[in-house]
Amino acid sequence: MRSSFLIAAIAAGVAGTASADVVINEFMPNPPGADPSMTDIELLGVPGDSFSGWILSVEADSTSPAGTVDRAAQVSGTFDANGLLVVTVPDLENPSFALFLVDNFTGTMGVTDIDTNNDGIVDDASTFGFIFDAIGSPDNVGDETFTSYASQLGGTNMSYVGSEPQNVFRDGTTGALYAVDFNGMVYDAAANVLNNADFDADPTVTTYGGVNPSLIPAPASLALIGLGGLAAIRRRR
């Protein structure tokens, strides 16, 4: 069962979102091999709760008219005992894009444009309804301006890691976001390289339906995490 600290940590990590009760927990921006017709996305929420919403992908390539909602899929299900729900949607267009989890979408796929003048600034996201979470996934340093649609609307914009990310997942304990490239290198959201051996499980292996790997904190950080977790739990009472 996931701890109250994890839920509180995720809430802190997406402090600008409308709610941290449900977040995007793991997805593959571009799986290896030929593009599949469908792809899985794992959500994290409250164990036992039912969920219904939409997953939207917003075009964020600097060489394309950015801001268009190029994928839109309804998803639903019930979170398991670990608070996990794996949903299947039509394959996402390869990065760069900003991925949104919302409760409702009143726009039109391929038509709705949240950045009408293509300057990297969100003009109108009113068709998105209630935004639970958003993650920007760039495949070029020049695209970070446009994948920041995610952070502008309260989510997280991942920094460019030098190549297209293969997998993006949240830490199984803290909720921090990591990206894995095709060479098996793991990065934090700021594109700092992490040591794979510092995780409690192989971070390069997808874990849909199972608890994600956690970065093992340095001994000096353990006390701080404990205090932070206690404070977070108290705030939630």
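With a cut-off of 14 Å between beta carbons, the residues surrounding VAL111 carry a summed charge of -4, where Lys and Arg count +1 and Asp and Glu -1. Ordering GLY107, SER50, VAL122 by the projection of their Cα atoms onto the charge dipole of region 47-171, which places +1 on the Cβ of Lys and Arg and -1 on the Cβ of Asp and Glu, puts SER50 at the extreme positive end. Remark: the THR63-ASP49 segment gains 1.0 nm on full extension, using 0.36 nm per residue and subtracting the alpha carbon distance. A straight line joining the Cα centroids of region 24-72 and region 107-131 runs 16 Å.
Amide H to amide H distances under 5 Å link ASN25 with GLU42, LEU43, LEU44, where only residues 5 or more positions off or on other chains count and H is placed in the peptide plane.
The slack in the chain from ASP103 to ALA190, taken as 0.36 nm per residue of separation less the alpha-carbon distance, amounts to 28.5 nm. For GLY53, the shell of other residues with beta-carbons less than 15 Å away shows a net charge of -4, using +1 for Lys and Arg and -1 for Asp and Glu.
The phi torsions of region 70-78, fed into the Karplus equation with coefficients 6.51, -1.76 and 1.60 and a -60° offset, translate into couplings of 9, 9, 8, 9, 7, 9, 7, x, 10 Hz, rounded to whole numbers, with Gly and Pro shown as x. Packing, taken as the mean count of other beta carbons within 10 Å per residue, orders the peptides 184-196, 53-65 from highest to lowest as 53-65, 184-196.
In this structure the amide hydrogen of ASP61, modeled in the peptide plane, comes within under 5 Å of the amide hydrogens of SER96, none closer than 5 places in sequence on its chain.
With a simple spin-label model that places each label point 7 Å from the Cα along the Cα-to-Cβ direction, the separation between VAL205 and ASP35 comes to 3.0 nm. Here's how it looks for ASN157: its modeled amide H is under 5 Å from those of GLY136, SER151, which are all 5 or more places away or on a different chain.
How charged is the neighbourhood of ASP124? Take every other residue with its Cβ under 14 Å from the Cβ of ASP124, and add Lys/Arg as +1 and Asp/Glu as -1.
Values: positive: none; negative: ASP113, ASP115, ASP119, ASP123.
Spelling it out: positives minus negatives among the neighbours equals -4.
Laboratory data are not the source of any read-out in this text; all were calculated from the coordinates shown. Remember, it's a predicted structure, so these values are computed and weren't measured experimentally. Positions of Cβ are generated from backbone atoms using ideal geometry, with glycine treated the same way; all protein chains shown enter the neighbour counts.
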